[in-house]
Structure formats: C-alpha cells, structure tokens
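Step one of this worksheet: look at the structure below.
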Amino acid sequence: MPSKKGRLVYRRTAHASTVLHELARPPSTSSSTSLGLRIVRLLLVGTIAALLWTSRCAGDQGFLNEKNIALALSPSACILGGFTVVVLTLAHWVLALLEQHHVEAESVLLIKDLGVQLQTRYTSGREECEFVDLGRVQAVVINEGITLHRVVYYLAFVVEGRDTLLVGFQHLKPCLDDLLPVYHSARAIVEAHIKHVDVAAGWTALKQREGGGRSEGDLKDNKSY
C-alpha cells in the first residue's frame with residue numbers, strides 16, 4: 001500500500017518470495033529543472049508572440065506611431081529579438097536534456113534466496129537496474145553522512161568482492177523514517193539466508209567428518225586382518 005512519508009511516496013509490495021520497496025517523488029512535486037523548463041517555455045512563446053505582434057502592427061498606424069514603428073523595426077531591435085529567441089531556445093534544449101536525467105523513483109527488490117535488485121527510474125522513462133546475488137551480501141547497514149546543511153542517512157549493502165558499499169536510494173536521499181522499513185525487511189532476508197547457508201555448511205562438514213571416521217575404521221579393520 002502506498003503511503004506518504006515526508007516528501008516521498010513509499011510503496012511496499014510483498015509476495016511469497018519477493019518484497020518490493022519503492023520511493024518516488026510525489027506527482028505534485030516539480031523539480032527545479034521542471035520549473036525552469038516551464039518558465040523558459042513561457043518566455044520563448046512570449047518573445048516569439050511579441051515579435052510577431054510587432055511585425056503585424058508595423059504597418060498599422062492605429063497601434064504604433066512612426067517613432068515606435070521605426071524603433072521596433074530598427075536593426076538593433078531585430079538583432080536583440082533574434083538573440084533572445086536563440087538564447088531561450090538553447091536554454092530550453094539544455095533544461096529538457098537535464099530533465100531526462102531527473103530521477104522519478106527508486107526501488108529495492110528483495111528476492112528470497114536469490115538476490116537484491118536496485119532500480120532507478122527517470123522521468124524520461126529510462127530505467128537502470130543492478131542485481132547482486134544474495135550469497136555475496138554480507139550485511140545491511142544504515143549509515144549517516146554529515147553535510148554543511150543536514151545529516152543524510154543512506155541504506156547500504158556490504159557486498160563481498162566489492163570495494164565500495166552498494167547504496168540504495170542514492171538519488172532521492174530519503175529520511176530515516178523512509179529507510180527503516182526497507183532496512184528491517186532487507187536485514188531479515190539477508191540474515192535468514194546467511195543462517196541457512198551456515199546450517200547447510202555445518203551439515204556438510206558433519207557428514208564429511210562422519211564419512212571420514214567410517215573410512216578410518218574400515219582401514220583399521222583391514223590392517224588387523
């Protein structure tokens with residue numbers, strides 16, 4: 001069921017062997033890039049409309065007098081208007097490109113006895129996934145990082161053979177309350193898998209010892225004869 005915690009929307013979906021934890025930006029929340037893109041669009045449309053209106057009214061004495069017509073059609077005004085359109089067009093293109101890399105949602109998929117999958121979804125529809133085998137996950141932790149403005153908490157997996165931590169929700173930077181449900185769920189699955197592996201290894205070692213003991217006994221019996 002989805003629920004709002006702080007500035008993010010939390011959604012948990014559980015099945016027989018999988019648990020999906022997703023954090024997404026609220027639909028009503030716009031990024032600074034989206035807001036800037038909308039402003040640039042309005043300015044671009046307004047500038048083009050103003051240029052068209054000026055050229056249309058240039059021959060109509062009812063709207064503009066001769067002085068204003070001469071000023072509007074002067075080379076400097078035309079160059080300034082054209083330059084404004086070019087700048088706004090380039091700004092619109094850059095902001096649209098940045099908007100494609102804006103993260104919309106992040107999720108952690110926990111698959112029992114199989115692995116962990118981290119997924120990042122962008123506003124453009126592009127998705128990035130990273131899967132780690134559960135046998136390589138050694139621990140799940142919540143660390144904190146201190147910045148100039150606030151304390152940032154992040155969920156991380158300690159993975160065997162990896163020099164750095166595998167961080168979940170690294171783009172959205174959720175608060176501690178958002179991370180706790182994911183942490184408890186991931187820790188339970190990881191610890192259950194580690195316990196299962198330890199028990200299986202113990203049984204294997206016990207069987208090997210028992211088999212080795214019988215072999216030694218058989219050898220002694222053969223030597224006595």
Inset, instruction - Determine which single condition Arg187 fails, assuming it passes every other condition in (1) part of a helix (DSSP H, G or I); (2) open to solvent by 60 Å² or more (accessible area, probe 1.4 Å); (3) at pLDDT below 80. - result: (3)
Inset, instruction - Filter the stretch 1-24 for residues that are in a strand (DSSP E or B), open to solvent by 80 Å² or more (accessible area, probe 1.4 Å) and modelled with pLDDT of 85 or more and give the result. - result: Arg11, Arg12
Legend entry - Test: residue in the stretch 127-146 that is closer than 15 Å to Leu8 by Cβ and among the charged types (D, E, K, R): no
Legend entry - Identity of the residue in the stretch 118-137, more than 18 Å from the chain's Cα centre (by Cα) and either more than 24 Å from Cys175 (Cα to Cα) or of a type in the set (Gly, Ala, Ser) (or both), that ends up most open to solvent (accessible area, probe 1.4 Å): Arg136
Legend entry - Residue that is least open to solvent (accessible area, probe 1.4 Å) [pool: residues in the stretch 138-180 that are under 16 Å from the mean Cα position of the chain (by Cα) and on the phi > 0 side of the Ramachandran plot]: Phe169
Legend entry - Residues of the stretch 102-144 that turn out to be assigned to a strand (DSSP E or B) and over 28 Å from Ile194 (Cα atoms), as a count: 6
Legend entry - Search result, residues across the stretch 7-21 that are among the aliphatic types (A, V, I, L, M) and within 19 Å of His171 (Cα to Cα): Leu8, Val9, Leu20
Legend entry - Whichever residue in the stretch 100-117 is touching a His at 6+ places or on another chain (Cβ under 7 Å) and over 11 Å from Ile189 (Cβ atoms) and, among such residues, is surrounded by the most Cβ atoms within 10 Å (Cβ to Cβ): Glu106
Inset, instruction - Inspect all residues belonging to the stretch 139-160 and state whether any of them is at pLDDT 90 or above, more than 30 Å from Ala24 (Cβ to Cβ) and of a type in the set (Asp, Glu). - result: yes
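The values are calculated or read from the model by the stated rules, or taken from the named source; none is laboratory data. Note that the structure is predicted; figures quoted are calculated from it, not measured. Using ideal geometry, Cβ is built from the backbone for each residue, glycine included, and neighbour counts are taken over all protein chains shown. SASA here: full protein model, heavy atoms, side chains in, ligands and nucleic acids out. Shrake-Rupley method; radii C 1.70, N 1.55, O 1.52, S 1.80 Å.
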